[in-house]
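Here is the structure we will look at, set down as structure tokens.
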Amino acid sequence: MDGTLLKLSPSSARDFKSCPQLFKYRAVDRLPEPVSSAQAKGSLVHSVLQRIFLEPPETRTQERAEELLTRLWNEVDDDAEVRPTELDPVDEAKWFAESMRLLRNYFRLEDPRGLSASKLEWWVEYELPDIHLRGIIDRLEERDDGSWILTDYKTGRVPSTQRELAAFFGLRFYALVCWRAFGIIPAQIRLVYLSDPSVLTLDPHERMLVAFEKQMQALGRAIRRAHDTEDWRPSPSPLCMHCSFQPHCPAWSENP
Ligand code: SF4
């Protein structure tokens, strides 16, 4: 990080906000992590939803998506980078059934035959004075009037009403990058939740994005301070129960 731009994606920004020590393990030390079943499920379903939009509109059916899911899983079956760690055959059957359920739920929300995606898994980036924002947007649609809609698929739980704005963190991040990099504020950002099928939407505006940009700059300063002082304070929370770094974490070794 010395002398270079700090690179930040929505997930690394979220890591630092929730636990600086977790950010250090992931973004600075780059320690390897096992692939959790939730991550693997998310990656697989995302891949199918990307590929279904590469098909001609008339073949973007649920049956075709189910075929793609089975085929993709067979392709990555022995790929340690993608396959969930420690999954026995019984768990794997349940895991696959749950992935299929998520995919079927997608078709309760949208009919991709009537949609036109301009970009899929779109890499975007923008450099602010001290910080490089970057990441991948699941889907961009351009309307006839030139306005943009950004969509992010979610395989986790639908947030409570109080946590809805926080759930839009990643898409507000991408709306800011779109605005700064391409001069377009997306007309709408959408979270498509597949677990309990529902769609949340938010219409970004300039004031919102200016405030978000200030938040990112403050976050960048906080990360640099932590780096310069070597003070990556652990922040124990319920997240620790799912953190693969717990055995290394000072918060847990001091208070076993
Ligand atoms: S175990 Fe908890 S406190 Fe430690 S790095 Fe993980 S999330 Fe942070």
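The values are calculated or read from the model by the stated rules, or taken from the named source; none is laboratory data. The structure presented is a predicted model; accordingly, all values stated were derived computationally and were not measured. When we count neighbours, we look across all protein chains shown, and the Cβ atoms used for this are built from the backbone with ideal geometry, even at glycine. For accessibility, only protein heavy atoms count, side chains too; no ligands or nucleic acids. Shrake-Rupley method; radii C 1.70, N 1.55, O 1.52, S 1.80 Å.
Observations on the model:
- Ranked from largest to smallest solvent-accessible area, with a 1.4 Å probe on the protein heavy atoms, Glu230, Glu141 come out as Glu230, Glu141.
- The chain - charge dipole about Cα centre, Lys and Arg +1 at Cβ, Asp and Glu -1, debye rounded to 20: 800 debye
- Shown are Phe107, Phe53, whose ranking by accessible area with a 1.4 Å probe and every protein chain present, most to least, is Phe107, Phe53.
- For Gln188, residues with placed amide H under 5 Å, excluding near neighbours: Trp148, Leu150
- Computed [θ] at 222 nm, helices only, for the chain once each DSSP H run of length n ≥ 4 contributes -39500 (n - 2.57): -13500 deg cm²/dmol
- Relative contact order (%) - the chain, alpha-carbon pairs under 8 angstrom, separation at least six: 21 percent
- Cα centroid separation - the stretch 190-211 against the stretch 1-62, whole Å: 18 Å
- Of the DSSP H helices in the chain, those with a Cα length along their own long axis of 18 Å or more and a mean Kyte-Doolittle hydropathy reaching -0.5 comprise 37-52, 89-109, 169-182.
- Backbone N within the stretch 204-220 under 16 Å of label point (7 Å from Arg143 Cα along the Cβ vector): 204-206
- Descending semi-axes in Å of the chain, equivalent ellipsoid built from Cα gyration tensor: 31, 26, 15
- Bridging of Lys7 to lysines at a Cα separation below 29 Å is possible for Lys17, Lys24, Lys41, Lys119, Lys154, Lys214, once same-chain residues fewer than 8 apart are set aside.
- Each peptide in 116-124, 54-62, 97-105 receives the mean, over its residues, of other Cβ atoms within 10 Å, and ordering these scores from highest gives 97-105, 116-124, 54-62.
- Using a cutoff of 8 angstrom between alpha carbon atoms and counting only pairs six or more residues apart, the relative contact order for the stretch 37-113 works out to 49 percent.
- Tail fraction, Cα-Cα pairs, the stretch 37-113, threshold 19 Å, whole percent: 32 percent
- Label separation (Glu125 vs Thr70): 4.0 nm, computed from points 7 Å beyond Cα along the C-beta direction.
- Compactness of the stretch 108-238, taken as the C-alpha radius of gyration over 2.2 N^0.38 Å, stands at 1.17.
- Antiparallel DSSP beta bridges within the chain, percent to nearest 5: 65 percent
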